[in-house]
Amino acid sequence: MTLKDNKTIKWSSDVSAPEILHSMPDAVFTTDRQMRINYFNQVASEMTGFSPQEALGMYCKDILKSNICETECLIKKALDTHQNIFNVETVLTTAGRKKISILISASLLTDSSGEVVGYLCVFRNIMVLKKMMSDLEISSDKLVEINKQLTQEIEERSRAEEQLRQSEGKLNAMLLSIVDHMSMMDKDLNIIWANEIAKNLFGDDIVGKKCFEVYHKRKKPCEPYPCLTLKAFQDGKVHEHDTQVIDKDGKTKHFHCTANVAFRDKDGKPTAVIEVSKDTTASKLAEEDRKKLETQLYQAQRMESIGTLAGGVAHDFNNLLMGIQGYASLILKDIDMTQPQYNWVRRIEDQVKRGAELTRQLLGFARGGKYDVKPTDINELVRKSSSMFGRTKKEVTIKAEYEQNIWTVEVDQGQIEQIFLNLYVNAWQAMPAGGNLFLETNNVTLSESFTKPYHLQPGKYVRISVTDTGTGMDEATQLRIFDPFFTTKQMARGTGLGLASAYGIVRNHEGIINVYSEKGQGSTFNIYLPAVESVFSDAEPVVEDELIKEGTETILLVDDEQVVLDVGKELLRELGYTVLEAGGGREAVEIYKENKDKIGLVLLDMVMPGMGGREAYDKMKEINPDVKVLLSSGYSKDGLATEILERGCNGFIQKPFNMKEISEKIREILDKE
């Protein structure tokens, strides 16, 4: 075999062209100038159903039965442009009346004077290749079968190349019609031949260069066995793998490569290896994008599920607290303040309030947003939370430094206190042998360059810094510290939700939270909250009026929780009201329909199975447009509750509530003109 200019191959004339064409794995036919078939190989016969004898003299369009024959005849296009046409995809009707996708190429046949005497057409069934490209999740069994087919195809191509050395024009036409990247290497890994597709991707000057220099931009071979060419030279077998290459523009591409021996010497030892590579970049990127989307969707669904669970737990817990608070209120009503039991019950109420604060924080995580925003002295909030923490963790020394004239911030104090306590606990766990916890507050003015990455406005902020002298974190951990479910703690010591929740709360407050840490050097968390012009009140709290407001009207109490119905009924009766009760929305509507003229107020639970509070409110509104309704829920006043209030509901009360709170809410609505 002699390679002259990397495009043509010379050989002796012992084998005729028809014999070569009949042995080719692709369908081949030739025509005269009138496009009548004068040669038809065996593959073309098997694919179309016409025998070589039947096909002789027929027009090629009657053989192909393809739309392209009517819309854009490739032979005519080749004649018009005086250029060969390669790799045009179209559809062919086979002998079995099936439509298959093929790649078709058309070449001009000329005599010694350059006059066109006929045409050469080559077409290939590409259905298997199209199926492979579209199937991203092909089974391993199918992959094995495809690999066998690819191996067989490489072997057939090698045999065809050996036979087709006698016709340089036809051989080049066939090589150029192959849609994959092809190159041939000698034993020194020099590229001795490459098709046009490979040259287009890696450069016209790749022949003569080392394959590892061209495809991988390496200075040494990919030894010992990542290199398919080296494997093929060593054992003479077919090898394949997935790899990455770098094109002439420096872009990384994904290839599926198959290497096979192209030529052997008289002793059977390989002298040249051919690599056929398919560009799988698009399918690889599509698969990576699909996996990323699946991961993001999974995380979003998981967070949504946990949020729903947290909201449900908080709602049910508030109903339990409602029972405790209600009965405590009933006991307090009949106990003299001088009795020791009075203070005990008061302490029960304090614990109920604490439990309600915890559920409110849990609802804040579940629902998002801020529910009790007020101007706040952040120094006082840090002082209060750190003092409470310090009483329980004596091994941690707290050192605080506060800005004297700290700016005011508007925050949900319960949520921000939750963040501080979480940071204190994390610091304590990072200092198992004890250590120092430094707390600092400052007034700062942030520039646009600082706030822009967070999509926030520059200006005045209050910074709260929490620094520990613990074990610290490496860079990889810092990058994931605010990710949901990420934790460095031992099993059962952390859920990975604490800092994710802190991040969400700070962002809901239009603020910034970040961390600076080094391994073995401790960690510093900085929180930036926007300052406001409002002034927080430092006045002593006003002693609340303990007067309980009573009444004599009839109230319809609606709730699906029996404990709430029981304690609510007792509370309302103690206040002097006549009570009708319903365990659900449908029952409530029926009772209201029968007693609408004597019911002064409906105390309506928002979340109930079957007919919920919203639908029950709408039904009662249809019965009596002037119905007075006080909405009650273990959830916060957001979302659904806000919607009902905007449609005319008279008020909202959060569970758990005490006797004084419910008495004031009821009179506020009933006494309103």
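The values are calculated or read from the model by the stated rules, or taken from the named source; none is laboratory data. Owing to the predicted nature of the structure, the values given are computational and were not obtained by experimental measurement. Cβ placement follows ideal geometry from the backbone for every residue including glycine, while neighbour counts extend to all protein chains displayed.
Go through (1) modelled with pLDDT of 75 or more; (2) under 18 Å from residue 126 (Cα atoms) one by one and return the number of the condition residue 96 breaks.
(1)
Show the residue pairs that are 6+ apart or on different chains and have beta-carbon atoms under 7 Å apart, the first residue being within the range 16-27 and over 20 Å from residue 103 (Cβ atoms) and buried (at least 17 other Cβ atoms within 10 Å of the Cβ), the second being of a type in the set (Phe, Trp, Tyr) and modelled with pLDDT under 70.
Filtered contacts from the range 16-27: no entries.
Do we have residue 460 as of a type in the set (Lys, Arg) and at pLDDT 85 or above here?
When the stated conditions are applied, residue 460 passes them.
Which condition does residue 421 not pass, out of (1) touching a strand residue (DSSP E or B) at 6+ places or on another chain (Cβ under 9 Å); (2) closer than 28 Å to residue 460 by Cβ, if it passes all the others?
Here residue 421 meets the rest and fails (1).
Might you check whether a residue that is surrounded by 13 or more Cβ atoms within 10 Å (Cβ to Cβ), of a type in the set (Lys, Arg), at pLDDT 85 or above and assigned by TED's automatic domain parsing to the domain that holds residue 191 occurs anywhere in the range 244-257?
Checked against the condition, which is being surrounded by 13 or more Cβ atoms within 10 Å (Cβ to Cβ), of a type in the set (Lys, Arg), at pLDDT 85 or above and assigned by TED's automatic domain parsing to the domain that holds residue 191, the range 244-257 yields at least one hit.
Taking the range 32-80, which residues are of a type in the set (Ser, Thr, Tyr) and under 53 Å from the mean Cα position of the chain (by Cα)?
Within the range 32-80, 45, 48, 66, 71 meet the criteria.
Show the residue pairs that are 6+ apart or on different chains and have beta-carbon atoms under 6 Å apart, the first residue being within the range 409-421 and more than 18 Å from residue 510 (Cβ to Cβ) and outside the structural domain of residue 398 (by TED's automatic domain parsing), the second being of a type in the set (D, E, K, R) and assigned to a helix (DSSP H, G or I).
Hits for this filter: zero, empty list.
Determine the pairs where a residue that is without any contact (Cβ under 8 Å) to a residue 12 or more places away in the chain, located within the range 50-79, has a partner that is assigned to a loop (DSSP other than H, G, I, E, B) with Cβ atoms under 6 Å apart, the partner being 6 or more residues away or on another chain.
From residues that are without any contact (Cβ under 8 Å) to a residue 12 or more places away in the chain, there are no pairs.
Checking the structure you have, find out if any residue of the range 564-571 is modelled with pLDDT under 90, among the β-branched types (Val, Ile, Thr) and over 30 Å from residue 446 (Cβ atoms).
yes
Could you identify the single residue in 399, 384, 460, 394 that is farther than 19 Å from residue 503 by Cβ and in a loop (DSSP other than H, G, I, E, B)?
Just a single option satisfies the conditions, and that option is 394.
Return only the number of the condition from (1) outside any helix (DSSP H, G or I); (2) in contact with a Lys or Arg (Cβ under 7 Å, 6 or more places away or on another chain); (3) farther than 18 Å from residue 524 by Cα that residue 438 does not satisfy.
Tallying (1) outside any helix (DSSP H, G or I); (2) in contact with a Lys or Arg (Cβ under 7 Å, 6 or more places away or on another chain); (3) farther than 18 Å from residue 524 by Cα, residue 438 fails exactly one: (3).
Criterion first (in the same structural domain as residue 120 (by TED's automatic domain parsing), more than 29 Å from residue 154 (Cα to Cα) and touching a strand residue (DSSP E or B) at 6+ places or on another chain (Cβ under 9 Å)) does residue 26 satisfy it?
Judged against the criteria, residue 26 is not a match.
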